[in-house]
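Engineer: A single structure is presented below for examination.
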Amino acid sequence: MRTTCPYCGVGCGVKAKADGRNVSVAGDAAHPANFGRLCSKGSALGSTVGLEGRLLHPTIGGRQASWSEATALVAKRFKETIARHGPDSVAFYVSGQLLTEDYYAANKLMKGFIGSANIDTNSRLCMASAVVAHKLAFGADLVPGCYEDLELADLVVFSGHNAAWTHPVLFRRMEQARARGQRHVVIDPRRTDTAEGADLHLPLAPQSDVRLWNGLLADLIRRGAVDRAYVAAHVNGFADVEAELGKVDQSLTAVAADCGVPAADLEQFFRWFAETPRTVSLFSMGANQSAQGVAKGSAIINAHLATGRIGKPGAAPFSITGQPNAMGGRETGGMATTLAGHMDFDPESRERVKRFWGAPTISEKPGLKAVEMFEAIREGRIKALWVMATNPAVSLPNAGKVREALAACPFVVVSDVMADTDTAPFAHVKLPALAWGEKDGTVTNSERRISRQRALFDAPGEARPDWRIVADVATAMGFVDAFSWRSQAQVFREWARLSAYENGGRVLNLGPLAAITPEAYDALEPVQWPVTSAGGTARLFTDGRYQTPDGRARMQPVAAEGPAEATDPAFPLSLNTGRVRDHWHTLTRTGLAPELCRHTPEPYIEVHPADAEKLGITEGRLTRVTTRQGEAVAVAKVSERQRPGSIFMPMHWGETFAPAGRANPLVAPKVDARSGQPEFKHTPARARPYRETWRGFFIAAEGWSAPKSLDLVWRRIPQAGCQLHEFAGRGDEAEREALRAVLTKGAPVEVLRFEDAGAGSLREAYLVGGRLERVLFTAGAGALPPREWLVELFAASELTAQDRTALLVGRAPGKPLDASPIVCACRGVRASRITDAIAAGCGSIDAVSESTGAGAACGSCRPEIARLIAQSPKTEVRHAA
C-alpha cells in the first residue's frame, strides 16, 4: 500500500505492508518528496501501530458510552453554551495531524454553522508567523518554491532551521548537492548538526535575526546587488524599506556587534549572498517562534524580492513546515485568522463562503489564536472546548496555566487516538479517532504537494475518522444536510469545489479535482497546487505576478527589536526550546517505539562550559532550571555547541514520560502581535545543580506510572519488552522506602535482594516462574550499573543461576555489554562501534557507513559520525570504495 508518513512537513511517500497489526515500511521510490528515503521516525512506523494504550471507545466522565450518547451530549452542551453565552463562548483547538478532510469539516462547522472563528490549530505554534509574512508580501499564504530548488541552489541559507534533525530526508538531498559544490550557511545560536557540516555558521545572539537580515539588505544595496529592473516591474515598498534601513547604523561592524558574530564571517555571508543568484533561504521554527517572527520572515522575503530571487529554479524564500498537514490546515481555514480557501473576513469573501456552504451564519471576524484562546478559557470567557488530535497540556507555552484553564473549563471534549495523554484527564467526553494506518484522506506538504494517506487496516474498536466525528456532532446539532458526507472522497470534492468557487485570481485552486471520482481519489498521485492542469504547479510567481490587488509583491519595512522579555540578574540565561532528532511532538507516537528512545532517552539541559563552571553544573548530573513561569529538572549536557549565556532544552516530554523534565511550562507566553506565535526560542531563566541525595532505577515488564513531584525526579524510557524508570531524590531514607512500597506493591513473591545499608545501596529483583518481572536498584552514593544487560534479561523465559547471581552483584556476567550511546537509530549502531571503525582506518562518513551501516539509511546521524571522526586521534585512514 502506498501512503504518506505522518511526521514532519516533508511529506515522504511510504510503502507499507500489513499482516494483521504487524506492518513493514519502506520509502516509496516513486514519491517526489523522498524518492524512497525515510528518516529514523518514518522507518519505525511499524513499531507505533499497536493497540496498547489506544482510545477505542467513547467515554463520558470516564465510563464507556455509545457513539450516539456521546455525540448527543457534545451537541447538547455546545448548543446550550452558544444559546446562553453566544457563539464565541465555544472553541475548537485542532492539529496539523488532522487530514485535510478533517480540517475542512471542523472549520466548516465552527465558522459557517456555529458562527465563530474560534478554531485554531497547533500550527499556530510553528508556522503562523510565516503565514502572515507570506500574506503581507504576496497577498496570500503562498510558498513560492519546491524541493527541487534545494538541489538546484548554489547557496542554501538555513535560518533557524536544524534540517539535519527536523527534516533529515530533505537535508540528505542538500548534502548530496553540497558534495557537488553547493554552499551552506547556518544562522542559529546553537551549533546544531546542520551547522557543524556547514560552510559557515553564524551563531547570532538571541532574537537578532531581523538585525542580521536588514544588515544583509543594506549591504546588497551598497554593493549594487539589487535587481532594480525586477523591483521596478514587480515590487512595491522598496523605497520605504530603504528608508527604514537608514534609521540605524547598517555598517558591517555595527551589525556584527549587535548580532554577536565575527565581522569577517558576516562579510563572507553578505558577499556569498550578493554573488549567488541561485539562493534558497530556508526558515523554520528558529525564525517563526518569536515575538518578532513576522518581521523575521518579512526581512528574509525582502532580501529575495530585492534581488529578484523568487519564482526561478534554485531561488526562493522557503518556509519549511513542521507537521505533515500544517499546510492542509492553512489551506482549509484551520487557523482562527483566515476564513477558508485563503479567503479572509472581508464582506465579499464572507458572503461567498456562506453562499457556497449554504450556512445559516458566518463568522464576522478572526477568532482567538492559540495562546489567547487558552487565556480566555482560564478567564471563563470560553466555556466549551473541543481538542482534536493534539496535546496542549504539554505543547503550549506556560503549560501550567494551560492545565489550569482545562481544569476550569465547564465542558471539554478530546478526540484522540491515545487514551492517556496529558490533556485527556481534563476531558468530560473522550472520542476515539483513527490513527496513521487507519486514516484515509489527503495531506499537503511544505512544497504544496497533495498526497494520499491510505488505510492499511480496519478501524479498531469503535474509532472513527475525525471528519465523521465532526459530521456526527454537526448532525446532532441540527445541521443535517450540510454534513451528510458518506466518504472522505465526498469531503475532498467539496473542498476542491470551494477552492475553485468564484476564484477571481486566488492561487490556491484545486478546480480540476472538484469532480474526482471515488476511484480516481483512491488512486490520486502526488500533485502540487495550484492544480490548474494534471501535472500541478512546481513554482509560483514565475511571471512576477502576485496575489495582490495590483499584482505586485510588497516589501515590508521592519525594525530590529530585542527579545520580548529581557534577561536580568535574577534570570540571566536565555532558554531556547526545540526538538530532538528521533522524537516527535509530545511522544504519544514516538514513545511507542523503543528504537526511537535510544539516541535521546531523556530530557536534558544543554549549557556552555563557561556557564556550567560558573554555576557548578556537571555533565550528566541533574540540573534545575527556573523561569518566572515554573521550573524543571533534567540531565545536564555541557557543550561548546551552546552559545554562552544561553541554554537549550527539548520540548517533547510531558507528565506521562518525565513530569519534572517538561520544558514548555517554563516558556513565557509572549507572542508576535500579528501572528500570535509564541516566543519559544527565548525565555529568561536561571540554572543550578539539583544535588540529589540518592538515585535509582526501576524496570518493569508491565506499564507503570510514577508519582509526580519535582522533589522526586523520574523519567520513563520505553525499552523492548519493558519500561525503564530513572529516579533521583533529595529526601531521606523514608522517601526511598515510600517509593519502594509503591513500586513493589502487588509484586511477585519470589524476590532476590541485596542491601548494603552503609553504602545506601539496594538491589531487588522480582520473578514469576523464574521469569524476571521487576527490578529495583537504588544507591545513596556511587555508580549504578548499566541498564542494558538488565533490560535484556526481561526477554529471557527463565533466569539462569548465573543471571540471578549477576543481579545481586549488580554486574553483567562475562564481557560487559556495550553501553555507549546510540548514534544510528535506524540500524541500532552505537558510538563505540563507530569509533572502533574509525580507529581501524575509516576516515570518512561513507567509509564508516560501509563498515558499520551507520548513516546508510536516513542519514540523520551523519553529522554525528563526522563529529566522532573529527574527535578521533589521527590514524591511517581508508575511504569507501
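The values are calculated or read from the model by the stated rules, or taken from the named source; none is laboratory data. Because the structure is predicted, anything quoted here is derived from the model rather than measured. Here the Cβ is made from the backbone with ideal geometry for all residues, glycine too, and neighbour counts use every protein chain on show.
Engineer: Those residues that are aromatic (Phe, Trp, Tyr) and surrounded by fewer than 23 Cβ atoms within 10 Å (Cβ to Cβ), I need them from region 1-57; list them, please.
Structural biologist: Phe35
Engineer: Consider Val507 carefully, then state whether it is over 30 Å from Gly53 (Cα atoms), without any contact (Cβ under 8 Å) to a residue 40 or more places away in the chain, not assigned by TED's automatic domain parsing to the domain that holds Leu142 and not aromatic (Phe, Trp, Tyr).
Structural biologist: Answer is no for this residue.
Engineer: Among Arg124, Arg178, which is of a type outside the set (A, V, I, L, M, F, W, C), modelled with pLDDT of 95 or more and over 21 Å from the mean Cα position of the chain (by Cα)?
Structural biologist: Among Arg124, Arg178, only Arg178 is of a type outside the set (A, V, I, L, M, F, W, C), modelled with pLDDT of 95 or more and over 21 Å from the mean Cα position of the chain (by Cα).
Engineer: Return the residues of region 72-98 that are over 30 Å from Thr590 (Cα atoms) and hydroxyl-bearing (Ser, Thr, Tyr); say none if nothing qualifies.
Structural biologist: Of everything in region 72-98, those that are over 30 Å from Thr590 (Cα atoms) and hydroxyl-bearing (Ser, Thr, Tyr) turn out to be Thr81, Ser89.
Engineer: Pick from region 795-810 the residues that are of a type in the set (D, E, K, R) and in a helix (DSSP H, G or I): which of them is farthest from Ala759 (Cα to Cα)? Write out each step before concluding.
Structural biologist: Filtering region 795-810 down to residues of a type in the set (D, E, K, R) leaves 798, 803-804.
Then keep just the ones that are in a helix (DSSP H, G or I); that gives 803-804.
Working: Asp803: 23, Arg804: 22 Å.
Ranking the candidates gives Asp803 first.
Engineer: Filter region 423-433 for residues that are touching a residue at least 12 places away in the same chain (Cβ under 8 Å) and surrounded by fewer than 22 Cβ atoms within 10 Å (Cβ to Cβ) and give the result.
Structural biologist: Ala424, Phe426, His428, Val429
Engineer: Would you mind stating whether Glu726 is under 28 Å from the mean Cα position of the chain (by Cα), in contact (Cβ under 8 Å) with a residue 12 or more places away in the chain and surrounded by 14 or more Cβ atoms within 10 Å (Cβ to Cβ)?
Structural biologist: Yes; evaluated as a whole, the condition is true for this residue.
Engineer: Identify, please: which residue in region 751-775 is among the charged types (D, E, K, R) and surrounded by fewer than 15 Cβ atoms within 10 Å (Cβ to Cβ) and is, among those, modelled with the lowest pLDDT? Give the derivation first.
Structural biologist: Step one: of region 751-775, the residues among the charged types (D, E, K, R) are 753, 755-756, 763-764, 771, 773-774.
Narrowing the set further to residues that are surrounded by fewer than 15 Cβ atoms within 10 Å (Cβ to Cβ) leaves 753, 755-756.
Values: Arg753: 92, Glu755: 88, Asp756: 85.
Among them, the one singled out is Asp756.
Engineer: Right, next: Please state which one of Tyr93, Tyr104 is part of a strand (DSSP E or B) and assigned by TED's automatic domain parsing to the domain that holds Ala340.
Structural biologist: Tyr93
Engineer: Return the residues of region 206-262 that are out of contact with any helix residue (DSSP H, G or I) (no Cβ under 6 Å at 6 or more places or on another chain), in contact (Cβ under 8 Å) with a residue 40 or more places away in the chain and outside any helix (DSSP H, G or I); say none if nothing qualifies.
Structural biologist: Selection gives Pro206, Gln207, Asn236, Gly237, Lys247, Val248, Gly260, Val261.
Engineer: Quick check: is even one residue across region 167-185 farther than 30 Å from Ser40 by Cβ and part of a helix (DSSP H, G or I)? Walk me through it before giving the result.
Structural biologist: Here is the first cut: in region 167-185, the residues farther than 30 Å from Ser40 by Cβ are none.
Among the residues of region 167-185, not one is farther than 30 Å from Ser40 by Cβ and part of a helix (DSSP H, G or I), which makes the answer no.
Engineer: Restricting to region 70-98, count the residues that are aliphatic (A, V, I, L, M) and more than 21 Å from His57 (Cα to Cα).
Structural biologist: 4
Engineer: If you don't mind, there's one more thing I want to ask. Out of the residues in region 603-636 that are buried (at least 18 other Cβ atoms within 10 Å of the Cβ) and charged (D, E, K, R), which is nearest to the chain's Cα centre (by Cα)?
Structural biologist: Applying the filter and picking the extreme gives Glu606.
Engineer: Right, another one. Residues of region 263-281 being under 11 Å from Leu155 (Cα atoms) and touching a helix residue (DSSP H, G or I) at 6+ places or on another chain (Cβ under 7 Å), which ones? Walk me through it before giving the result.
Structural biologist: So in region 263-281, the residues under 11 Å from Leu155 (Cα atoms) come out as 269, 272-281.
The answer is Phe273, Ala274, Arg278, Thr279, Val280, Ser281.
Engineer: Let me confirm something: among Pro512, Pro594, Pro549, which residue is closer than 30 Å to Val235 by Cα, not polar (S, T, N, Q) and not assigned by TED's automatic domain parsing to the domain that holds Ala163? Walk me through it before giving the result.
Structural biologist: Numbers: Pro512 fails: closer than 30 Å to Val235 by Cα; Pro594 fails: closer than 30 Å to Val235 by Cα.
From the options Pro512, Pro594, Pro549, the qualifying one is Pro549.
Engineer: Within region 353-360, is there a residue that is assigned by TED's automatic domain parsing to the domain that holds Asp88, closer than 21 Å to Ala75 by Cα and either crowded, with 22+ Cβ neighbours inside 10 Å or free of Cβ contacts under 8 Å to residues at least 40 places away in the same chain (or both)?
Structural biologist: No, region 353-360 contains no residue that is assigned by TED's automatic domain parsing to the domain that holds Asp88, closer than 21 Å to Ala75 by Cα and either crowded, with 22+ Cβ neighbours inside 10 Å or free of Cβ contacts under 8 Å to residues at least 40 places away in the same chain (or both).
Engineer: I've got another one for you. Which residues, taken from region 334-349, are touching a Leu at 6+ places or on another chain (Cβ under 8 Å) and surrounded by fewer than 21 Cβ atoms within 10 Å (Cβ to Cβ)?
Structural biologist: Once the filter is applied, which keeps residues that are touching a Leu at 6+ places or on another chain (Cβ under 8 Å) and surrounded by fewer than 21 Cβ atoms within 10 Å (Cβ to Cβ), region 334-349 yields Phe345, Ser349.
Engineer: State which residue is nearest to the chain's Cα centre (by Cα) when the search covers only region 280-330 and only residues that are of a type in the set (D, E, K, R) and buried (at least 24 other Cβ atoms within 10 Å of the Cβ).
Structural biologist: Among residues in region 280-330 that are of a type in the set (D, E, K, R) and buried (at least 24 other Cβ atoms within 10 Å of the Cβ), the one nearest to the chain's Cα centre (by Cα) is Arg330.
Each row is one residue, and each column tells you yes or no for (1) among the β-branched types (Val, Ile, Thr); (2) without any contact (Cβ under 8 Å) to a residue 24 or more places away in the chain; (3) over 22 Å from Ser820 (Cα atoms).
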site: Ile699; (1), (2), (3): yes, no, no
site: Ala757; (1), (2), (3): no, yes, yes
site: Arg774; (1), (2), (3): no, no, yes
site: Leu793; (1), (2), (3): no, yes, no
site: Thr805; (1), (2), (3): yes, yes, yes
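Engineer: Restricting attention to strands (runs of 3 or more DSSP E) lying wholly within region 1-67, give those where 3 or more residues are under 24 Å from Gly855 (Cα atoms).
Structural biologist: Passing ranges, in order: 13-19, 22-27.
Engineer: Would you please list the contacts, defined by Cβ atoms under 6 Å and residues six or more apart or on different chains, that run from a residue in region 559-583 that is more than 21 Å from Lys296 (Cα to Cα) and at pLDDT 95 or above to a residue that is of a type in the set (A, V, I, L, M) and part of a loop (DSSP other than H, G, I, E, B)?
Structural biologist: Short answer, once both residue conditions are applied: Asp582/Ala825.
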